[in-house]
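Notes for the one structure printed next.
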Amino acid sequence: GNLLAQKNYPEFHIGQDHPEKELDIDMTGVSLKGDVDQNGIVNMADAFLLYRAVSGQVTLTVKQEALGDMDQSGTVNMADAFALYRKVSGTT
(Lines give C-alpha, C1' and ligand atoms only; values in the text may rest on other atoms or scores of the structure.)
Protein backbone atom coordinates (compact mmCIF):
# COMPACT_ATOMS: atom_id res chain seq x y z
CA GLY A 1 0.00 0.00 0.00
CA ASN A 2 0.83 3.64 0.15
CA LEU A 3 3.42 4.14 2.87
CA LEU A 4 2.55 7.82 3.29
CA ALA A 5 -1.14 7.06 3.74
CA GLN A 6 -0.34 4.65 6.57
CA LYS A 7 1.47 7.27 8.66
CA ASN A 8 -0.21 9.87 10.82
CA TYR A 9 1.44 13.08 9.68
CA PRO A 10 0.32 16.26 11.46
CA GLU A 11 -1.37 18.85 9.28
CA PHE A 12 -0.04 22.35 9.37
CA HIS A 13 -1.89 25.21 7.71
CA ILE A 14 0.15 28.39 7.69
CA GLY A 15 -1.76 31.27 9.22
CA GLN A 16 -4.80 29.15 10.03
CA ASP A 17 -4.09 26.63 12.80
CA HIS A 18 -1.11 28.65 14.02
CA PRO A 19 -1.70 32.36 13.36
CA GLU A 20 1.47 33.23 15.26
CA LYS A 21 3.41 31.44 12.52
CA GLU A 22 1.98 33.28 9.53
CA LEU A 23 4.19 33.27 6.49
CA ASP A 24 5.56 36.76 5.96
CA ILE A 25 7.97 37.07 3.06
CA ASP A 26 9.97 40.25 3.14
CA MET A 27 10.69 41.26 -0.44
CA THR A 28 12.91 44.16 0.64
CA GLY A 29 16.17 43.88 -1.19
CA VAL A 30 14.76 41.64 -3.90
CA SER A 31 15.12 43.47 -7.18
CA LEU A 32 14.55 42.72 -10.82
CA LYS A 33 17.24 43.70 -13.29
CA GLY A 34 15.73 46.49 -15.38
CA ASP A 35 13.12 47.52 -12.79
CA VAL A 36 14.47 51.06 -12.68
CA ASP A 37 11.32 52.55 -11.11
CA GLN A 38 11.34 49.72 -8.53
CA ASN A 39 7.65 48.84 -8.75
CA GLY A 40 8.22 45.11 -9.17
CA ILE A 41 7.51 45.08 -12.91
CA VAL A 42 9.99 45.50 -15.75
CA ASN A 43 8.19 47.36 -18.52
CA MET A 44 8.40 50.26 -20.96
CA ALA A 45 8.15 52.80 -18.12
CA ASP A 46 11.51 51.52 -16.86
CA ALA A 47 13.06 51.82 -20.31
CA PHE A 48 11.76 55.37 -20.66
CA LEU A 49 13.02 56.33 -17.19
CA LEU A 50 16.45 54.89 -17.95
CA TYR A 51 16.53 56.73 -21.30
CA ARG A 52 15.65 60.00 -19.52
CA ALA A 53 18.42 59.34 -16.98
CA VAL A 54 21.16 58.68 -19.52
CA SER A 55 19.93 61.74 -21.47
CA GLY A 56 20.51 63.87 -18.37
CA GLN A 57 16.82 64.67 -17.80
CA VAL A 58 16.50 62.89 -14.44
CA THR A 59 18.89 61.62 -11.77
CA LEU A 60 18.72 58.02 -10.59
CA THR A 61 19.57 56.69 -7.15
CA VAL A 62 22.55 54.35 -6.80
CA LYS A 63 20.17 51.38 -6.60
CA GLN A 64 18.25 52.52 -9.69
CA GLU A 65 21.52 52.83 -11.58
CA ALA A 66 22.48 49.31 -10.57
CA LEU A 67 19.09 48.01 -11.74
CA GLY A 68 19.47 49.86 -15.04
CA ASP A 69 23.02 48.67 -15.70
CA MET A 70 21.84 45.97 -18.09
CA ASP A 71 25.30 44.89 -19.27
CA GLN A 72 26.73 45.11 -15.74
CA SER A 73 29.58 47.31 -16.90
CA GLY A 74 29.41 49.50 -13.80
CA THR A 75 28.24 52.45 -15.86
CA VAL A 76 24.71 53.31 -16.97
CA ASN A 77 24.67 54.59 -20.54
CA MET A 78 22.65 54.59 -23.74
CA ALA A 79 23.64 50.96 -24.46
CA ASP A 80 21.82 49.99 -21.24
CA ALA A 81 18.78 52.05 -22.21
CA PHE A 82 18.61 50.34 -25.61
CA ALA A 83 19.16 46.91 -24.05
CA LEU A 84 16.29 47.50 -21.63
CA TYR A 85 14.08 48.80 -24.44
CA ARG A 86 14.80 45.67 -26.48
CA LYS A 87 14.03 43.49 -23.45
CA VAL A 88 10.64 45.04 -22.72
CA SER A 89 9.64 45.37 -26.37
CA GLY A 90 10.52 41.76 -27.08
CA THR A 91 13.15 42.58 -29.69
CA THR A 92 16.11 41.03 -27.88
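The values are calculated or read from the model by the stated rules, or taken from the named source; none is laboratory data. Remember, it's a predicted structure, so these values are computed and weren't measured experimentally. Please note: Cβ atoms are built from the backbone with ideal geometry, for glycine as well, and neighbour counts cover all protein chains shown. Only protein heavy atoms, including side chains, enter the accessible area calculation; ligands, DNA and RNA are left aside. Shrake-Rupley method; radii C 1.70, N 1.55, O 1.52, S 1.80 Å.
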- Query: If we count every other residue with Cβ under 13 angstrom of residue 64's Cβ, Lys/Arg +1 and Asp/Glu -1, where does the sum land?
  - Reply: -3
- Note on the structure: Residue by residue through the stretch 45-59, the couplings from Karplus 6.51 cos²θ - 1.76 cosθ + 1.60 with θ = phi - 60°, in Hz, x for Gly and Pro, are 4, 5, 4, 5, 5, 5, 4, 4, 5, 6, 8, x, 7, 9, 10
- Message: Tell me the net charge near residue 49. Cut-off is 12 Å between Cβ atoms, residue 49 excluded, with +1 for each Lys or Arg and -1 for each Asp or Glu.
- Response: -4
- Query: Taking H as built 1.01 Å from N, whose amide H comes closer than 5 Å to the amide H of residue 35, not counting residues under 5 places away?
  - Reply: none
- Got a number for carbon plus sulfur as a percent of the stretch 41-92's accessible area, 1.4 Å probe? 56 percent
- Subtract the Cα-Cα distance of residue 79 and residue 31 from 0.36 nm times their separation in residues, and report this length gain in nm to one decimal. 15.2 nm
- Note on the structure: Here the gain from full extension of residue 45 to residue 66, 0.36 nm per residue of separation minus their alpha-carbon distance, amounts to 5.9 nm
